[in-house]
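What follows is a single structure, written as structure tokens, with notes after it.
The values are calculated or read from the model by the stated rules, or taken from the named source; none is laboratory data. Just so you know, these numbers come straight off a predicted model, no measurement behind them. Cβ sites come from the backbone with ideal geometry, for glycine too, and all protein chains shown count toward neighbours.
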Amino acid sequence: MINKTLLIQHADVLVTMDGHRREIRDGGLFVRNGFVDQVGSSDQLPQNADEILDLSGHIVLPGLINTHHHFYQTLTRAVPAAQNSNLFNWLKTLYPIWARMTPQDIYISTKTALAELALSGCTTASDHLYLFPNGSSLDDEIAAAQEMGMRLHASRGSMSLGESQGGLPPDSVVDSEEFILRDSQRLIERYHDPEHGSMLQIVLAPCSPFSVSGELMRQSAKLAREYHVQLHTHLAETQDEEVFCMEKFGYRPAAYMQSLDWVGDDVWFAHSVHVNSDEIDMYAREKCGVAHCPNSNMRLGSGIAPIQDYLDAGVAIGIGVDGSASNDSSHMLAEARQAMLLARLRAGLAGASLSESDLPELFTARRALELATLGGARVLGREDIGSLEVGKCADFIAINLNKLGYAGALHDPLAAVLFCQPQQVDWSFVQGEAIVRKSQLVHVNIEELVTQHKQAAQRLLKKE
């Protein structure tokens, strides 16, 4: 084995997110072969390495973890007909456009989304690709992610319940359940890596209760558990979904998942906005995780997820930027900031009639960043990412604090990262390898990518 070392030293603050939540002044890392070998103050670390990086004037944090996204949706941002719709109407508007996508569109949109994520501090991303028109496949996304050098949880999504069968999507974008299960097995056997430090894992992810049959949900769960991979779906995002599930299945969304054996520590749900206290307790008891997507929930008017209630109950919570047609961005630091602010708004609304002494404690910047790191790792079932500790993956980011946006805010640099307007990161490393260096992406030419992406988006929309 090649013995490759990296020394990070003299960070103004190194945020570990370890068990003691240490924030080390004049901090640093010593990395060996992609894993953290030592963490501490710079004078406690080795002074020699194959690469030495002085990060004076920077704050260093664990890489952020995105727990829910739809990369392909970067191609349909701010579509006029979908700008002012709720979820169901928004989907009906966009399904016909997405049906025109090609394998190249999936590839280009993946690179675009990952470029945005990388520049905003994300080192691990989970994506949910659930429609495969014109020969597209999850392989197209995986190829792009591997070129970018980012850690990926690729969800093999699916839709099998078209309009003719009582589902929401048009029949043109659904697949047969036999093909879905066969392709899911192929992807797991070809790509899934469960080992410590894994760069790629496969997730099985039927899209939602209104786009797949109960039988596909059951069979997907059975297949996932045979191969020990995780399960993911949208759930309880809107009140429309609640009505749909009650009318079609006779259950609220969470109870419907229970009836299908879709609960457990191998399951996480996107959104879960419309839940009651009994359902939150069930999530905690069954160890289901939740991907909180605040920008998307606000953009579509879906509601405010009860994040503090989930945390109080012990539910694993991560942050997701969601699709770039319902956000319409892929900025992880901005999403963490929004999670903090929205939790504060919900607490304020709930406490409007309370006396000042009874008001709930406000959601902190540190808590939001914890969701974006350790919380995301817990949701994705990972013990090797989310914090900077010996033996964990060397996934970390650095932000130059000497920027206009932080002027006057450096009494608490960590809080400033979220309280101030979120910036792009200056450095990002995945498994000890730089993917952002001095604010520039290492593996992609942004100008060329934007040109290719613009051409693909225009082609999709010109038939609208």
(request) Specify which of the listed residues (425, 390, 321) is closer than 30 Å to residue 85 by Cβ, at pLDDT 95 or above and part of a loop (DSSP other than H, G, I, E, B). (result) 321
(message) With the requirement that a residue be outside any loop (DSSP other than H, G, I, E, B) and in contact with a Leu (Cβ under 7 Å, 6 or more places away or on another chain), what does the range 176-202 give you?
(response) 177, 180, 181, 184, 185, 187, 191, 200, 202
(request) Look through the range 261-285, keep the residues that are in contact with a Gly (Cβ under 6 Å, 6 or more places away or on another chain) and farther than 23 Å from residue 83 by Cβ, and return whichever of them is surrounded by the most Cβ atoms within 10 Å (Cβ to Cβ). (result) 268
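Within the range 413-438, count every residue that is out of contact with any helix residue (DSSP H, G or I) (no Cβ under 8 Å at 6 or more places or on another chain) and in contact (Cβ under 8 Å) with a residue 12 or more places away in the chain. First the steps, then the outcome.
First pass over the range 413-438, keeping only residues out of contact with any helix residue (DSSP H, G or I) (no Cβ under 8 Å at 6 or more places or on another chain): 426-427, 429-434, 437-438.
Retained after the next criterion (residues that are in contact (Cβ under 8 Å) with a residue 12 or more places away in the chain): 426-427, 429-433, 438.
So the answer is 8.
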(request) Inspect the range 443-454 for any residue being more than 18 Å from the chain's Cα centre (by Cα), exposed (fewer than 14 other Cβ atoms within 10 Å of the Cβ) and at pLDDT below 95 and give the result as yes or no. (result) no
(message) With the requirement that a residue be of a type in the set (Val, Ile, Thr) and either surrounded by fewer than 21 Cβ atoms within 10 Å (Cβ to Cβ) or not assigned by TED's automatic domain parsing to the domain that holds residue 91 (or both), what does the range 150-191 give you?
(response) 173, 188
(message) residue 289 - would you say it is farther than 17 Å from residue 234 by Cβ and not charged (D, E, K, R)?
(response) no
(request) State which residue is nearest to residue 257 (Cα to Cα) when the search covers only the range 231-245 and only residues that are touching a helix residue (DSSP H, G or I) at 6+ places or on another chain (Cβ under 7 Å) and surrounded by 24 or more Cβ atoms within 10 Å (Cβ to Cβ). (result) 235
(message) of a type outside the set (A, V, I, L, M, F, W, C), within 27 Å of residue 229 (Cβ to Cβ) and at pLDDT 95 or above: is that true of residue 364 in this structure?
(response) no
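Okay, residues lined up against (1) surrounded by fewer than 18 Cβ atoms within 10 Å (Cβ to Cβ); (2) touching a residue at least 24 places away in the same chain (Cβ under 8 Å); (3) in contact with a helix residue (DSSP H, G or I) (Cβ under 6 Å, 6 or more places away or on another chain):
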{"site": "4", "(1), (2), (3)": "yes, yes, no"}
{"site": "21", "(1), (2), (3)": "yes, yes, no"}
{"site": "24", "(1), (2), (3)": "no, no, no"}
{"site": "27", "(1), (2), (3)": "no, yes, no"}
{"site": "31", "(1), (2), (3)": "no, yes, no"}
{"site": "46", "(1), (2), (3)": "yes, yes, no"}
{"site": "54", "(1), (2), (3)": "yes, yes, no"}
{"site": "57", "(1), (2), (3)": "yes, yes, no"}
(request) Collect the residues in the range 118-149 that are farther than 16 Å from residue 202 by Cβ and either in a strand (DSSP E or B) or not assigned by TED's automatic domain parsing to the domain that holds residue 107 (or both), keeping them in residue-number order. (result) 122, 123
(request) Restrict the check to the range 394-406 and report whether at least one residue is among the acidic types (Asp, Glu) and over 20 Å from the mean Cα position of the chain (by Cα). (result) no
(request) Please enumerate the residues belonging to the range 272-306 that are in contact (Cβ under 8 Å) with a residue 60 or more places away in the chain and either in a helix (DSSP H, G or I) or of a type outside the set (S, T, N, Q) (or both). (result) 289, 290, 291, 292, 293, 297, 300, 301, 303
(message) I'd like to verify a number: residues in the range 393-411 that are surrounded by fewer than 17 Cβ atoms within 10 Å (Cβ to Cβ) and either in contact (Cβ under 8 Å) with a residue 24 or more places away in the chain or in a helix (DSSP H, G or I) (or both), how many?
(response) 3
(message) So in the range 68-93, with the set limited to residues that are surrounded by fewer than 16 Cβ atoms within 10 Å (Cβ to Cβ) and of a type in the set (Gly, Ala, Ser), which one is farthest from residue 377 (Cα to Cα)?
(response) 81
(message) residue 414 - would you say it is in a helix (DSSP H, G or I), out of contact with any Cys (no Cβ under 6 Å at 6 or more places or on another chain) and within 25 Å of residue 8 (Cα to Cα)?
(response) yes
